[in-house]
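Undergrad: Encoded as structure tokens, here's the structure I'll be asking about.
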Amino acid sequence: MLRNENKVKKNITQNKRGLWSDSWRRLKRNKAAMLGLIMVAIFILIAVFAPFIAPYDPNEIDLASVLKEPSAEHWLGTDYYGRDIGSRIIYGSRISLSVGVIVQVISITIGTIMGSLAGYYGGKVDMFIMRIVDVVMSFPSLLLTIAIMVSLGPSLYNVFIALGVVWWTRTARIIRSEFMRHREREYVEAARAIGNNDFIIMYKHILPNCLAPLIISFTMGIASSIMAEASLSFLGLGAQEPTPSWGSIINNGLQYLRTKPWYSLFPGLAIAYTVLAFNMLGDGLRDALDPKMKNNL
């Protein structure tokens with residue numbers, strides 16, 4: 001009996017390894033996805049090693065260098081305080097990365113809990129949770145986030161809370177559908193038969209089989225989170241001065257848009273680069289982790 005159980009566990013482990021190795025093989029064949037992966041890696045390296053890469057302190061005021069155009073001294077120019085824009089953009093990548101990751105961790109955690117309860121139990125539990133989801137999703141996400149930020153007050157930490165509270169619904173719907181698909185399968189029935197409780201069945205047996213859509217949602221959600229944070233900072237509701245946020249840098253440069261367009265151009269390009277990188281990687285992961293793609297090999 002014990003030998004048979006060990007065999008089953010070994011086969012499951014080998015199947016999982018095979019699935020991930022096949023997914024990696026498909027991902028490597030996708031040139032756009034690999035380009036996105038390289039771009040994301042560059043973005044992360046810049047964020048992590050910002051103190052060693054940035055040529056200046058991002059908050060250092062130099063009134064003798066106010067609104068200088070791009071030059072050998074300041075590659076991307078300076079702002080109205082004489083601060084180096086290039087250094088502020090490099091340090092701003094830290095803000096964007098932290099917002100993207102933390103917001104997705106919060107939203108995926110809440111969404112996974114709510115979606116798993118709805119999908120596993122069904123009935124009144126499902127109806128109650130899905131009505132909450134419907135109410136939240138009935139409002140435009142950015143407008144609802146702005147309303148929450150106005151009530152909480154402008155702060156980077158409040159951005160984490162507001163976006164996480166609003167965006168968990170997407171993950172909840174994904175996990176709900178996955179749990180409804182898996183809850184009647186044979187391995188779940190076997191887990192019930194040997195006396196496992198609902199918590200073990202949900203989060204030890206079913207949830208690992210839902211990792212693929214979670215990974216895709218996490219990756220593509222980072223791009224949306226970065227865009228949302230930049231929008232909130234642009235409106236003055238996100239990171240506050242002197243924190244170098246890409247959205248606030250763009251907002252500060254609006255009054256000089258005709259005479260000094262580079263002020264807002266470069267942080268805008270940084271946002272476009274980052275969002276494009278995560279979207280390309282997310283699209284590639286979606287294709288690689290989709291079992292239906294095996295037929296195309």
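The values are calculated or read from the model by the stated rules, or taken from the named source; none is laboratory data. Just so it is clear, the model here is predicted, and its values are computed rather than measured. Because the Cβ atoms are built from the backbone with ideal geometry, glycine has one as well, and the counts that use them run over all protein chains shown.
Undergrad: Looking only at helices (runs of 4 or more DSSP H) that lie completely in segment 198-297, which have at least 2 residues being more than 21 Å from the chain's Cα centre (by Cα), of a type outside the set (Val, Ile, Thr) and surrounded by fewer than 14 Cβ atoms within 10 Å (Cβ to Cβ)?
TA: Qualifying helices (runs of 4 or more DSSP H): none found.
Undergrad: Sticking with this structure for a sec: Of everything in segment 193-229, what is aliphatic (A, V, I, L, M) and free of Cβ contacts under 8 Å to residues at least 12 places away in the same chain? Give them in sequence order.
TA: Listed by number, the residues that qualify are 193, 194, 200, 211.
Undergrad: If you don't mind, there's one more thing I want to ask. Under 9 Å between Cβ atoms, at least 6 apart or on separate chains: pull out the pairs that start in segment 63-74 with a residue that is in contact (Cβ under 8 Å) with a residue 24 or more places away in the chain and end on any residue that is among the small types (Gly, Ala, Ser) and assigned to a loop (DSSP other than H, G, I, E, B).
TA: As it stands, the answer is 67/77; 67/82; 69/77; 70/77, since those pairs meet every condition given.
Undergrad: Return the pairs, sorted by first residue and then second, in which the second residue is modelled with pLDDT of 90 or more and aromatic (Phe, Trp, Tyr), the first residue lies in segment 230-244 and is within 12 Å of residue 92 (Cβ to Cβ), the beta carbons are less than 7 Å apart, and the residues are 6+ apart or on different chains.
TA: 230/246; 244/91
Undergrad: Sticking with this one: Under the condition of being under 13 Å from residue 106 (Cβ atoms) and of a type in the set (S, T, N, Q), which residue from segment 152-186 is nearest to the chain's Cα centre (by Cα)?
TA: Among residues in segment 152-186 that are under 13 Å from residue 106 (Cβ atoms) and of a type in the set (S, T, N, Q), the one nearest to the chain's Cα centre (by Cα) is 171.
Undergrad: Taking segment 31-72 only, how many residues are among the small types (Gly, Ala, Ser), outside any helix (DSSP H, G or I) and under 29 Å from the mean Cα position of the chain (by Cα)?
TA: 1
Undergrad: Among the residues of segment 49-62, is any within 30 Å of residue 168 (Cβ to Cβ) and either in contact with a Lys or Arg (Cβ under 7 Å, 6 or more places away or on another chain) or at pLDDT 95 or above (or both)?
TA: Looking for residues that are within 30 Å of residue 168 (Cβ to Cβ) and either in contact with a Lys or Arg (Cβ under 7 Å, 6 or more places away or on another chain) or at pLDDT 95 or above (or both), one finds at least one in segment 49-62, hence yes.
Undergrad: Restricted to segment 147-164, and to residues that are among the hydrophobic types (A, V, I, L, M, F, W, C) and crowded, with 18+ Cβ neighbours inside 10 Å, which residue is modelled with the lowest pLDDT?
TA: 156
Undergrad: For segment 255-284, which residues satisfy the criterion of being closer than 30 Å to residue 214 by Cβ and among the hydrophobic types (A, V, I, L, M, F, W, C)?
TA: 270, 271, 272, 275, 276, 277, 278, 280, 281, listed by residue number.
Undergrad: Quick check on this structure: which one of 90, 113, 102 is buried (at least 16 other Cβ atoms within 10 Å of the Cβ), free of Cβ contacts under 8 Å to residues at least 12 places away in the same chain and either out of contact with any Ser or Thr (no Cβ under 7 Å at 6 or more places or on another chain) or more than 24 Å from residue 247 (Cα to Cα) (or both)?
TA: 113
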